[in-house]
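First comes the structure, then the notes that go with it.
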Amino acid sequence: MTPGKGGPVLEVRDLARCFGGRDGRDDALAVIEGLSLAVAEGEFVTVAGPSGSGKSTLLNMIAQIDRPSEGTIHLRGETILAPGKADLNPGWNCQIGYVTQEDNLLPWRRLLDNILLPLRAQRRLDADARTRVAALIETAGLTGFERYYPHELSGGMRKRASLVRTLAYDPPVILMDEPFGALDAQTRTELHADLLRLWSLKRKTIVFVTHDITEAIALGDRVLVLSRAPARVVDEYRVDLPRPRDVDHLIAEPAFARLYESIRQSLARQAPKARRA
Amino acid sequence: MSRPGVVIAGRLLLGLGLVLLWTLLHRVLGDHTIAGLGDIAVRLWEIAQNGVLLRDIGVTMLEAGAGLAVGGLAGFALPFLITRVPGFEAALRPFIAAAMGVPKLALAPLLILWFGIGLLSKVVFVALVVFFLLFFSTLAGIRGADPRLIAVARVLGLRELMLLREVMLPSTLPFVFASLKVALPRAISAAVVGEFIAADTGLGSYIQNAMSQADTVGVFTGVIVVTVLVVVVNAVLDHTQKRAMGWRHSAIGGF
């Protein structure tokens with residue numbers, strides 16, 4: 001995977017985000033500081049970082065549901081977010097999809113209606129779209145559950161539904177925030193395979209945040225390692241494992257093991273000093 | 001719950017116990033304190049025959065219903081409007097809280113001076129009582145809506161009306177039903193109290209007339225009719241709620 005071909009799709013420059021420090025107090029906590037990254041068209045970038053390293057905050061700002069303290073975000077060269085910009089535009093007119101940690105399905109809508117919701121909102125729900133959605137539901141193994149309410153489905157199925165909901169309206173860039181975090185290992189592996197299969201159908205540009213090294217390598221073309229707060233990108237690893245990848249057997253490959261070890265050490269350097277012997 | 005047969009038998013037994021207790025009190029305390037059940041039944045039959053019962057039920061329910069519609073809609077809609085302007089809700093809050101603190105019962109005589117002894121004064125009275133109940137719980141529902149769900153809905157392209165219909169309204173629905181459960185009996189009570197003060201028809205006026213003639217049977221009959229109305233209206237509300245919130249019913253059961 002070579003980034004390039006007319007510059008990055010998504011670019012983050014010198015991003016910073018502080019929390020607190022209200023009422024004139026001088027204890028503002030910088031969660032992110034001087035963070036820059038660029039993602040090429042069709043690239044699957046995974047971002048690994050220790051917990052509390054501002055991974056979700058980073059995605060929230062790219063999705064425009066949070067505002068940076070400093071720095072800018074660009075989509076195809078256009079500045080879409082800067083500290084001075086007046087109004088946030090969540091999802092940047094449906095150009096940026098966001099699959100969050102929780103599935104965030106509407107509890108009062110059936111599975112199919114949840115999946116069709118963005119298409120309805122964007123007035124793009126026609127026969128074509130319905131056919132595409134049906135195919136996605138089939139690929140994600142959700143056929144037969146279209147008329148169920150979210151609470152009637154398993155956690156894994158809800159994650160799949162939330163993934164399909166975003167893939168259905170086809171945003172060029174998709175952000176994912178540890179979407180499989182709360183699931184058991186078996187379901188996770190299944191969902192990794194599902195995600196890679198869905199991604200291979202139409203190579204979207206994806207930024208996938210995780211604290212799980214295996215997941216970061218198995219899915220990504222490139223792994224970015226974040227420092228602990230204030231977070232910035234400290235290391236970058238290209239994943240030269242061939243695609244399509246068999247997630248189940250990937251772990252056995254020597255290339256995987258070498259990469260795993262490098263990333264593990266990189267993350268270990270980010271551990272709090274007290275815990276380093 | 002155990003077998004439904006046990007529940008039904010228990011209810012019959014309790015009902016029978018109440019009838020016995022009532023009869024006992026009637027015997028001990030006399031006609032003027034506790035009306036006999038037989039006399040009440042006869043009175044009910046009389047006013048059902050001469051049309052007074054239906055007319056008075058109609059008048060009271062019209063007042064309660066119209067007041068509930070006006071006050072309820074206003075109390076439900078206003079929180080959505082005032083939360084659209086940042087800071088407006090916070091500015092308004094102490095005034096609404098103060099207005100809520102005014103004892104509405106004490107306002108009833110004033111409302112009759114302003115709007116006369118007819119329908120209008122009771123409708124306004126009921127509306128006032130209901131408005132605050134709906135207003136505060138709808139506001140709580142809006143504030144309690146999951147901010148992540150709203151943020152994700154916006155990312156998905158939901159704007160304004162659709163965000164309102166798909167996310168905000170369903171989020172407030174449990175709060176609205178909870179407050180309606182309180183508001184419905186209150187609305188009927190408010191209509192009856194309004195009629196106590198000044199009216200020539202309605203169940204409150206019937207009870208008031210009976211009282212002024214020391215007609216204990218009439219007072220009890222009126223109170224029983226009002227009670228039955230409240231119970232019926234609540235049952236209708238429960239049914240509506242189950243339909244409107246069916247999505248959570250299968251998981252949580254009724255509440």
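A short reminder: the numbers here are calculations on the coordinates, not readings from a lab. In this text, all values refer to a predicted model and were calculated from it rather than measured experimentally. Because the Cβ atoms are built from the backbone with ideal geometry, glycine has one as well, and the counts that use them run over all protein chains shown.
Annotations for the structure displayed:
- Cβ-Cβ distance of residue B:196 and residue A:185, R₀ of 56 Å, FRET efficiency by 1/(1 + (r/R0)^6): the value works out to about 0.20.
- Where trypsin sites (Lys or Arg not before Pro) fall in DSSP loop in segment A:93-151, at most 11 other Cβ within 10 Å: A:123, A:147
- Which of B:41, B:126, B:206, positive extreme of dipole for segment B:35-252 (C-beta unit charges): B:126
- Under 11 Å, Cβ to Cβ, from residue B:209 - net charge with Lys/Arg +1 and Asp/Glu -1: -4
- Long-range HN-HN contacts of residue A:98 with modeled amide H, under 5 Å: A:175
- Signed unit charges on C-beta, dipole axis of the protein assembly as shown, positive-most listed residue A:157, A:225, B:237: A:225
- Protection proxy ranking, peptides A:64-71, B:48-55, B:126-133, average beta carbon neighbours within 10 Å, highest first: B:126-133, A:64-71, B:48-55
- Rough spin-label spacing in nm, given labels placed 7 Å along Cα→Cβ, for residue B:97 and residue A:154: 4.9
- Charge tally for residue A:10 (other residues, Cβ to Cβ under 12 Å; Lys, Arg +1; Asp, Glu -1): -1.
- Modelled FRET efficiency - R0 30 Å, residue A:202 with residue A:89, Cβ distances, 0.05 increments: 0.80
- Structural descriptor for segment B:1-160: relative contact order 27 percent, calculated from alpha carbon pairs under 8 angstrom and at least 6 residues apart.
- Theoretical ellipticity at 222 nm over chain A - DSSP helices of four or more residues, -39500 (n - 2.57) apiece, nearest 500: -10000 deg cm²/dmol
- Global geometry of chain A, whether rounded, prolate or oblate, following the gyration tensor of its Cα atoms and the 1.5 cut on a/c: oblate
- Loop trypsin sites (Lys or Arg not before Pro), segment A:168-228 (other Cβ atoms within 10 Å of the site Cβ: 14 or fewer; DSSP): A:202, A:203
- The phi torsions of segment A:143-156, fed into the Karplus equation with coefficients 6.51, -1.76 and 1.60 and a -60° offset, translate into couplings of 4, x, 10, 4, 9, 8, 7, x, 5, 8, 9, 6, x, x Hz, rounded to whole numbers, with Gly and Pro shown as x.
- Loop-located trypsin sites (Lys or Arg not before Pro) in segment B:68-173, at most 15 other Cβ atoms within 10 Å (DSSP): B:84, B:159
- Helical runs assigned H by DSSP (4 residues or longer) give chain B a calculated mean residue ellipticity at 222 nm of -28000 deg cm²/dmol, each run adding -39500 (n - 2.57) before division by the residue total.
- For segment A:232-238, Karplus couplings with θ = phi - 60° (6.51, -1.76, 1.60), whole Hz, Gly/Pro x: 8, 7, 9, 9, 9, 10, 8
- Averaged over peptide B:153-166, the number of partner chain Cβ atoms lying within 10 Å of each residue's Cβ comes to 6.
- Kirkwood's formula applied to the C-alpha pairs of segment B:35-252 gives a hydrodynamic radius of 19.3 angstrom.
- Hypothetical label at residue A:38: residues of segment A:67-107 whose amide nitrogen lies under 18 Å (7 Å Cα-Cβ projection): A:71-81
- Contact order, relative form, for segment B:35-252: 28 percent (alpha carbon pairs under 8 Å, 6 or more residues apart, mean separation divided by residue count).
- Distance (nanometres) between label positions extended 7 Å along Cα→Cβ at residue B:8 and residue B:45: 2.8
- The relative contact order of chain A comes to 25 percent, based on Cα pairs under 8 Å that sit 6 or more residues apart.
- Charging the Cβ of each Asp and Glu at -1 and of each Lys and Arg at +1, and nothing else, the dipole of segment B:35-252 about its Cα centre rounds to 980 debye.
- Karplus-derived HN-Hα couplings along segment B:110-124 (A = 6.51, B = -1.76, C = 1.60, θ = phi - 60°), whole Hz, x at Gly and Pro: 4, 4, 6, 4, 6, 10, x, 8, x, 4, 4, 4, 6, 4, 4
- Prolate/oblate/rounded call for segment B:61-108, Cα gyration tensor, a/c under 1.5 rounded: oblate
- Residue with peak Gaussian network fluctuation, chain B [Cα springs, cutoff 10 Å], from B:101, B:202, B:194: B:101
- Full extension of the chain between residue B:54 and residue B:209 gives 54.1 nm of extra length, using 0.36 nm per residue less the Cα-Cα distance.
- Exceeding the 23 Å Cα-Cα cut-off - candidates A:159/B:242; B:181/B:242; A:55/A:202: A:159/B:242; A:55/A:202
- Cα radius of gyration and Dmax for segment A:126-277 (Å): 17.4, 62
- In this calculation the C-beta distance from residue A:135 to residue A:234 is compared with R0 = 41 Å, giving a FRET efficiency of 0.50.
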